[in-house]
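Heads up: the structure comes next, in structure tokens.
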Amino acid sequence: MHDFHYVAGDLYCEGVPIASLVKKFGTPLYVYSQRTLTGHFQKLDAALAPLDHLICYSVKANSNLAVLRALSNLGSGFDIVSEGELRRVIAAGGSPKKCAFAGVGKTEAEIEFALRRGIYSFNVESEPELERINRVAGRLKKAAPVAVRVNPNVAAGTHAKITTGTYENKFGIAFELVEDVYARASRLKNLRLRGLQMHIGSQLTEVKPFESAVRKVVPLAEKLAAKYPFEFFSIGGGLGIVYQPALASGGADWWQTPKAKDILTPAKYAATLVPLLKSLHLRILIEPGRFIAGNAGILVTRVEYVKRTGRKNFVIVDAAMNDLIRPAFYDSYHEIVPLRRRNGPIVASDVVGPICESGDYFAKNRPLPKVGEGECLALMSAGAYGFVMASNYNTRALAAEVLIHGNKSAVVRDRQSLPEIWKDEKLPAWLK
């Protein structure tokens with residue numbers, strides 16, 4: 001599942017002890033395993049081998065240039081949602097010709113930039129967007145490749161903030177309207193109807209919602225492909241990962257990784273979906289992000305204080321919600337482990353950051369080994385929607401990022417200096 005493990009009691013990433021990285025680079029610190037990134041991509045790629053397919057890694061999950069380069073070197077395409085992400089892909093050596101541009105609010109400038117760079121397709125979210133893309137493409141004398149995003153109205157059963165496939169969500173065009181939308185789009189001279197796209201949500205840990213959506217949309221894709229020159233059908237992303245360990249109740253082995261039966265593996269995913277998709281004879285696009293990057297990263301943090309009140313044991317660390325917002329934003333669980341494995345007493349603890357918000361926490365009443373000032377903890381499964389959602393709230397500098405490859409380590413983002421935070425701010429003349 002990932003390449004973080006204990007060796008003689010010390011937490012390692014691949015062949016590198018995490019404590020050595022802390023000594024060299026400080027905390028808070030993001031650490032990524034290239035072997036995990038590579039392994040997850042290759043397993044998914046192999047599972048989908050019976051299909052003509054393209055994996056388009058979802059850049060929003062983790063957009064570090066080194067992560068993008070590692071995946072580009074494996075032949076990955078990219079799912080992007082902004083001009084900035086497309087520019088990142090290009091800077092990392094990725095091909096625009098393998099990029100699918102999603103998102104509900106594409107600006108004219110973004111559409112023009114993407115057309116000039118020759119992206120593979122726009123995933124279109126509305127008829128006004130189709131009209132805008134047609135208008136921009138006409139001005140550039142280009143044919144814009146598009147795929148309408150169909151909303152299948154299938155509930156993914158995940159957190160409300162990451163569900164995207166029902167009529168309560170802002171994404172896509174209602175299933176019942178799609179045929180008529182394509183009919184009207186076919187009359188727009190500067191559009192190339194290249195395919196059909198769907199996406200029902202993120203962090204799905206069961207195959208059933210995927211199966212329900214695919215079964216519903218495949219007949220529509222077949223009907224549309226008979227009318228228009230389709231090349232692909234994108235089934236979106238959303239494959240989940242396991243955040244919570246198998247043995248979360250404490251004890252000597254509480255940090256063990258989840259058993260294989262608890263994980264929606266690429267093999268289980270493909271076994272259900274490949275038979276449903278083969279008959280289409282279209283290229284299948286898939287847009288995973290978290291599945292590839294989530295378990296490939298950790299956030300390392302140092303204990304600043306241990307504060308004991310009459311009711312609580314607070315472990316106050318130097319990382320905060322500005323570094324990893326998922327627990328505060330989604331009430332998300334991240335396994336927390338010490339860098340040095342131990343069999344001592346377990347204490348129910350709140351792991352909290354220094355930001356002046358009660359929502360600045362990583363765990364509440366979590367059974368953890370007793371730790372003291374100066375020790376370090378690792379927040380596991382922080383490789384997706386970690387650094388990319390970081391901010392400078394409370395004028396806190398952004399953490400450094402390190403990539404591990406075997407026994408090698410490299411800083412892939414320097415720690416931000418404090419003056420960098422306000423370097424673009426200016427005082428108006430009347431305040432000088």
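Bear in mind these aren't lab numbers, they're just calculated from the coordinates by the rules spelled out. Every value quoted in this text rests on a predicted model; they were computed, and no experiment measured them. Here the Cβ positions follow ideal geometry from the backbone for every residue, glycine too, while neighbour counts run over all protein chains shown.
The table that follows gives values for the structure above.
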quantity	calculated
Cα long-axis angle, helix 34-47 against the chain (0 to 90 degrees, to the nearest 10)	40
Options Val317, Ala66, Val150, ranked by Cα towards positive dipole end of the chain, top entry (Cβ charges)	Ala66
Relative contact order for the stretch 295-421, counting Cα pairs under 8 Å that sit 6 or more residues apart, in percent	30
Relative contact order of the chain, defined on C-alpha pairs under 8 angstrom at six or more residues apart (%)	20
Residue order, fewest to most surrounding Cβ atoms within 10 angstrom, among Leu299, Leu276	Leu276, Leu299
Principal semi-axes in Å for the stretch 9-168 [√(5λ), Cα gyration tensor, largest first]	34, 19, 16
For the stretch 353-432, fraction of C-alpha pairs farther apart than 19 Å, in %	60
Residue exposure sequence - Met198, Met321 - by fewest surrounding Cβ within 10 Å	Met321, Met198
Filter on Lys106/Lys141; Lys106/Lys223; Lys98/Lys408; Lys43/Lys408 - keep pairs with C-alpha separation over 21 Å	Lys106/Lys223; Lys98/Lys408; Lys43/Lys408
Proximal lysines to Lys312, defined as alpha-carbon separation beneath 27 angstrom and excluding residues fewer than eight positions away on the same chain	Lys364, Lys370
Hits among aspartates and glutamates - C-alpha to C-alpha of Lys423 under 18 Å, sequence gap 8 or more where chains match	Asp414
Cα shape, the stretch 34-290, gyration tensor, a/c 1.5 rule	prolate
Paired Rg and Dmax values of the stretch 295-421, which use every Cα atom, in angstrom	14.6, 46
Protection proxy ranking, peptides 76-84, 173-181, 413-421, average beta carbon neighbours within 10 Å, highest first	76-84, 173-181, 413-421
Fraction of the pair-distance distribution of the chain above 35 Å, Cα-Cα pairs, percent	33
Cβ-defined net charge surrounding Asn62, 10 Å radius [Lys, Arg +1; Asp, Glu -1]	+1
Counted charge near Leu188, where neighbours are those whose Cβ lies closer than 12 Å (Asp, Glu -1; Lys, Arg +1)	+3
